[in-house]
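This report concerns only the one structure given below.
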Amino acid sequence: MASYLHRYAMVVLATKDEKTFLPSVLEAPDTAMNHPAGKGHATVQNPTGANYSIDTVRRLKQTLKKSDQLFFLIGIDAFAEISKWHEAEALFGECAFIVASRPGYSLADVANALPESLRPAAAVSKPFAKQPAKGDLVLRGVTVHLLEDVRHPVSATAIREAVAAKRPLGRFVDLAVAEYIKKMGLYKS
């Protein structure tokens, strides 16, 4: 629970000046969570403490109108592992994806990361191996919008390395988040 609270605090600090952003405890572990769902409430208890994206998306959709659109924002490094996620195929049926791409990834890499049941045949994706990961990938049961050339050098690995080397974190995170990481002694080996 402690690592979740630290992540939540960092999100609050990072978005404090963004009036349209609302940090949420929707994925808080090991708690019973009540969320508005129409006339009643949906109570979700997770005795294992595991948080699956499919469950979060389904809980969130209970709070939305039918006309609302839901997008799952994810970096391409994490997206590359999406086929291993819990109920990955179902997740693509629940929402569209926005994938923050970066140089070195191709459109074929994106297509090949999909769960096997949603993945195009190799003969279809092979011609896209040299095409940068940009634009939209729309297949039956899948919509992926690619944000191209996101150049922000942030990653948990880079932050851990900077903390270990006692280097400033300003190039990775907001100053308030950097101060929080330092004050709380986070990301030390």
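Being surrounded by 11 or more Cβ atoms within 10 Å (Cβ to Cβ) and farther than 14 Å from Glu94 by Cβ is the filter; apply it to the stretch 44-71 and report the residue that is modelled with the lowest pLDDT.
Here the answer is Val44.
Identify, please: which residue in the stretch 101-141 is part of a strand (DSSP E or B), surrounded by fewer than 19 Cβ atoms within 10 Å (Cβ to Cβ) and not polar (S, T, N, Q) and is, among those, modelled with the lowest pLDDT? Steps first, answer last, please.
Applying the first criterion (part of a strand (DSSP E or B)) to the stretch 101-141 yields 106, 132, 135-139.
Checking which are surrounded by fewer than 19 Cβ atoms within 10 Å (Cβ to Cβ) leaves us with 106, 132, 135-136, 138-139.
Remaining after also requiring not polar (S, T, N, Q): 132, 135-136, 138-139.
Values: Pro132: 80, Gly135: 86, Asp136: 90, Val138: 88, Leu139: 90.
Within the stretch 101-141, the match that is modelled with the lowest pLDDT is Pro132.
Can you name every residue in the stretch 168-189 that is of a type outside the set (D, E, K, R), over 23 Å from Arg102 (Cβ atoms) and at pLDDT 90 or above?
Filtering the stretch 168-189 for residues of a type outside the set (D, E, K, R) gives 168-170, 172-173, 175-178, 180-181, 184-187, 189.
Those left that are additionally over 23 Å from Arg102 (Cβ atoms): 175-176, 180-181, 184-186, 189.
Of everything in the stretch 168-189, those that are of a type outside the set (D, E, K, R), over 23 Å from Arg102 (Cβ atoms) and at pLDDT 90 or above turn out to be Leu175, Ala176, Tyr180, Ile181, Met184, Gly185, Leu186.
List the pairs whose first member sits in the stretch 166-185 and is over 14 Å from Val12 (Cβ atoms), whose second member is assigned to a helix (DSSP H, G or I), and whose Cβ atoms are under 7 Å apart, counting only residues at least 6 apart or on separate chains?
Correct list of pairs: Leu169/Ile159; Leu169/Ala162; Leu169/Ala178; Leu169/Ile181; Gly170/Ala178; Phe172/Ala158; Phe172/Ile159; Phe172/Ala162.
Please indicate, with yes or no, whether at least one residue in the stretch 151-167 is surrounded by 11 or more Cβ atoms within 10 Å (Cβ to Cβ), of a type in the set (D, E, K, R), in a helix (DSSP H, G or I) and at pLDDT below 90.
yes
Looking at (1) part of a loop (DSSP other than H, G, I, E, B); (2) among the basic types (Lys, Arg); (3) touching an Asp or Glu at 6+ places or on another chain (Cβ under 9 Å), which is the only condition Arg58 fails?
Here Arg58 clears every test but (1).
Within the stretch 131-151, track down each residue that is of a type in the set (D, E, K, R) and on the phi > 0 side of the Ramachandran plot.
If the condition is that a residue be of a type in the set (D, E, K, R) and on the phi > 0 side of the Ramachandran plot, then Asp149 is the only one that fits.
The values are calculated or read from the model by the stated rules, or taken from the named source; none is laboratory data. Not measured: the values here are computed from a predicted model. Positions of Cβ are backbone-derived with ideal geometry, glycine not excepted, and every protein chain shown enters the neighbour counts.
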